[in-house]
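Okay, structure first, notes after.
What follows is calculated from the coordinates using simple rules that are stated; it is not laboratory data. Owing to the predicted nature of the structure, the values given are computational and were not obtained by experimental measurement. Ideal geometry is used to build each Cβ from the backbone, glycine not excepted, and the neighbour counts take in all protein chains shown.
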Amino acid sequence: MATVDRFLPAYSSSEDACPICKSSRYLNPNMKLLVPPCFHKMCEACIDRIFSLGPAPCPVCQQILRKTNFWTQKFEDLQVERELQIRKRIAKFFNKRTEDFKSLRLYNDYLEEVEELTFNLINGVDVQETEERIQRFAQENRDLIASNAARQQREERMLNHRLKQERSDKEHQRQLYLQQLEEEEVVKRTQKNAIINQLASSNQSASEIVARNAITLKKSSMAPSAARATPSSSGPTGDWMYNGAHLDDDEDMDIDSEEFDPLSSLYCDVGGFELKPEYYDPMASAIQNPQMATAGGYLTRFSHQRSLEAAFTGLLIPPLSDSIPSPPS
């Protein structure tokens, strides 16, 4: 037996074994430990044996327990599990909100009182007095507690409905995006097959046929992409939800045959100045470690160039004739 125990992992009897039958989860992997309100864990076999006929005292602390009050442990540390249950119980009664108080100071005092009661129950300080304070508060604020609980349930239902609607909208947009991708692939294959047939049956050169069909192929690929880029407005969140479309493919770029107008774009080149190698810059000279500041590829001339571009933006562009204000009469 000593040889077998030498290969068994070490375990704590209070955490990994039933305190009643002393069975260990390492010796019996299928054993499941459950936690009662007194936080003395027991295995399912002992729970069925002790509490099958009704309420019975805990074999460790003699607190009256019921079989239905046992739950599966969520956290590895039993102290954390105990604190979680205590905070849930406290929050069930102390559910006042900021609008229930006349001032922020009264609300902060209320929160401090709640934390004091929670601390007392967690650490076993004046438990009887603390329980009386909780019961007295629950009796005095019974109507307000019920009203806030009902309002919290309504808010949770609204939140769950909104999250469900968002998931539904995202799934709908995903299916629409996949369908548009499939339709785009079909259109591309059809047009490419048409070009191949023209190359095989026409007497024109291949460059002329490809050039004539290039613009048509590009614009046809842009139509589904534009539809994917348009936000969906079918649901309540369609006006701000991101539809998951990415237009980072070179094939999605349209061919603009019109002449470029610098006034129609916010990203036109700015000229009219000459960037010098050095400038008097107190901010740059105040850097303690210039090598660390430029380690990521940053150079001080970048900020100088941005400042000059901001100063010269629109400075050399003549005003429009119809925008010149008339002199006062």
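Remark: spin-label model distance LEU299-GLN62 equals 8.5 nm, labels positioned 7 Å along the Cα→Cβ axis. Electrostatic bookkeeping for THR300 treats Lys and Arg as +1 and Asp and Glu as -1; over the other residues with beta carbon under 10 Å from its beta carbon, the sum is -1.
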